[in-house]
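Values in this text are rule-based calculations from the coordinates and carry no lab data. Here the structure is a predicted model, which means the values were calculated and not measured. Neighbour counts are summed over all protein chains in view; Cβ atoms, including those assigned to glycine, are modelled from backbone coordinates with ideal geometry.
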Amino acid sequence: MPEKYWNSMETAPLHEIRALQSLRLSQTVRHAYNNISFYKKKFDEMGLTPDDIQSIDDLHKLPFTYKQDLRDNYPYGLFAVPQDQIVRIHASSGTTGKQTVVGYTANDLVTWSDCCARALTAAGGDSSDYVHVSYGYGLFTGGMGLHYGAERIKATVIPASVGNTQRQIQVIRDFGSSLICCTPSYAIVLGETMRDMGISTSELKLKAGIFGAEPWTEEMRHKIESLLNIKAYDIYGLSEVMGPGVSFECSEQTGMHVNEDHFIPEIINPETGEVLPDGEQGELVFTAITKEALPLLRYRTRDIASLSRKKCSCGRTLIKMTKPAGRTDDMLIIRGVNVFPSQIESVLLNLGMAPHYQLIIDRVNNLDVMEVLVEMNQDMEFDAVRLVEKTEARIKAAIDSTLGISAKVHLVSPKTIERSEGKSKRVVDKRKLHD
């Protein structure tokens, strides 16, 4: 089957891509400097002016932007346009204490839709398809991004959202869903539930799926493809930069093409900030060069990846990024939710517990599970069964409420969790997500 593209920029010569990037970068820097006091102050402190940024070769002169900068300017301090031009708000889950808020103008939404349209087209989608979106809708960017991307290619959208798996399977079969978008772990749940219900993939019209929002392996890809009898594609994004669709996989499936006419990627040494050459692994950094509402410059994603301009058999010339191989901070992604161990510590301290705990993360039946071991206080009686159960339930309720996902909680005897003279080992991750 011949490769399909959403627009000609996907196959443009490199010199055209760089020329467009340079123009848009220069315009974006001026826009950010003139309309965001945070950036004006940073530029002035560095002795930098927008005139110093004439092309993509000047990108390294710009300051980095960190997630903390969005929090420090919560909620709208980094917006570059007046409120009456903001037509949509999304936000992170706020699981780290303060959510980060993202605004979009009408043009930003068109850009986002186009990016997701490219991903859907690369997966074989067109106006004849029924696109079943099982990402969550709401402040989370997952559902809405691919929803509007599907409408952009004039496909028929089925906004199923999350949950009620058996009904979703019924909808997939009865409505003729041909493309599915969800987290990879939920794709496996759908496939296994379908099998348990005695429904054969021959009864379905599914041909492909686009999966993201959590780390997944090649083994999971093969399992999804086997269970659902489809081709499984990866997609990458983060709400601060845009949402899903920052990069996407093509039929070659050897990395994700970055929509670099909208987002300039860099790989840096996370310790020194030095820009690394293509092929070297480091921290992924993005500069959004078409965003009107939130034009972030050199945003530190904390994701570890590498870039490649090796010729792709699909014909696209957009640079490729590898699947993230980890993160530079201690953030965990569990069932699509960002989780920091410090959040657990905060919960325990608020409940009057000592901050001696350990997180055990595993993947059971293809779903991430989290167990929290918590040491009892010294004055607590371990044989007081009802008190132990009551305390575990109280901690569990607080953690579930804070993180937005369910965790198992077990109290253990004092001083049974291994201490370290250095950095405490708070997390045991058994998922084996990376080689």
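Every Cα-Cα pair of the range 1-141 was included, and the share exceeding 25 Å stands at 46 percent.
The label-point distance for Phe38 and Ile360, in a model that sets each label 7 Å from Cα toward Cβ, rounds to 4.0 nm.
Taking a span of 20 Å or more along the helix axis (Cα atoms) and a mean Kyte-Doolittle hydropathy of at least -0.5 as the rule, the DSSP H helices of the chain that qualify are 106-122, 385-403. Overall shape of the range 324-379 was characterised from the C-alpha gyration tensor. The equivalent ellipsoid obtained from it has semi-axes of 24, 14, 9 Å, in decreasing order. At each listed q (0.17, 0.19, 0.23, 0.25 Å⁻¹), what is the log10 of I(q)/I(0) that the Debye formula gives for the range 332-429 modelled as equal alpha-carbon point scatterers? Log-scaled intensity ratios, in q order: -0.75, -0.93, -1.30, -1.47. Here the gap between Ala384 and Thr328, fully extended at 0.36 nm per residue and compared with their Cα-Cα distance, gives a gain of 16.0 nm. For the range 229-305, a simple Cβ point-charge model (Lys and Arg +1, Asp and Glu -1, everything else neutral) yields a dipole of about 260 debye relative to the Cα centre. Computed extension gain for Arg167 through Ser226, at 0.36 nm per residue and net of the alpha carbon distance, reaches 19.1 nm. Once a ≥ b ≥ c are taken as the square roots of the eigenvalues of the Cα gyration tensor of the range 49-125, is the result rounded (a/c under 1.5), prolate (a/b larger than b/c) or oblate (a/b not larger than b/c)? Since a/c reaches 1.5 but b/c is at least a/b, the shape of the range 49-125 is classed as oblate. In straight-distance terms, cross-link reach from Lys311 covers every one of the lysines whose alpha-carbon lies under 23 Å from its own, apart from those fewer than eight places away in the same chain; here that gives Lys4, Lys231, Lys320, Lys323.
Applying the criteria of a DSSP loop state and at most 11 other Cβ atoms within 10 Å to the GluC sites (Glu not before Pro) of the range 215-299 yields Glu271, Glu274.
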